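Structure first, commentary second.
Throughout, read-outs are computed from the coordinates displayed, never taken from laboratory work. Quick caveat, the model's predicted, so the values are computed rather than measured. In this analysis, Cβ positions are derived from the backbone assuming ideal geometry, glycine residues included, and neighbour counts consider all displayed protein chains.
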Amino acid sequence: MSGTSPALQPPDDAVKPVRHPDAPAPGELLGAHYEQCFGCGGEQQHGLHLQARAGTGVTVTAEFTVQPAHQGAPGLAHGGVLATALDETLGSLNWLLRTIAVTGRLETDFVRPVPVGTTLHLEAEVTAVAGRKIYSTATGRIGGPEGPVAVRADALFVEVAVEHFVRNGREEEIQAAMSDPDQIRRARAFEVNP
């Protein structure tokens, strides 16, 4: 990435990330962590409906198709929507670590325009872990997984306790998520950034 800030440089004592033994298998669709999530939730009419899959090691791949509701300039994806897609993909990595974490910093490079109707192919990887800090990187390509780079990002996620969401979220959504009878969905609702 061009101009990555010092805050996104792992410290010298950072360690290589380790995939959790209970992480989804490579190729497994991760599904929505919360149905109301703008990035991956199926119940958001104009959301990204991003679908991420577990990769090998501590990597994920994801795709989303730019819809007319995602426009900034006429016929082109809004930069904030592209940053959201990168953030959602990067956040999905935490499921492979089985860690609850929130975005602390996200730096994005916009390399080329992404037209409406384009499917953006995203790839993300955790590069280092230092205490509660998780360092990661992502790339979005158009025209396929080997296509030209359109966007890329470096990120710092910070591990938090589930109380972070309970303390800061709207009570009715927190209660609805916590009362979900499906244990996996209940746990995943709190796995990535709010």
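Using the 2.2 N^0.38 Å rule of thumb for compact globular proteins, work out how segment 116-166 stacks up: its C-alpha Rg over that value, please. Show your work: numbers first, answer last.
On the way: Rg = 14.7 Å, N = 51, 2.2 N^0.38 = 9.8 Å.
Against the compact-globule rule of thumb, the ratio is 1.50.
What the pair-distance distribution of segment 75-115 shows, using all Cα-Cα distances binned every 5 Å from zero, is 5, 20, 28, 19, 12, 9, 5, 1 percent. Measuring r between the beta carbons of Ser5 and Glu28 and using R0 = 35 Å, the FRET efficiency lands at 0.55. The shape of segment 89-153 comes out prolate: with a ≥ b ≥ c from the C-alpha gyration tensor, a/c is at least 1.5 and a/b beats b/c. Once you order the gyration tensor axes a ≥ b ≥ c over the Cα atoms, which shape class does segment 34-146 get: rounded for a/c under 1.5, otherwise prolate or oblate by comparing a/b with b/c? Note, shape of segment 34-146 comes out prolate.
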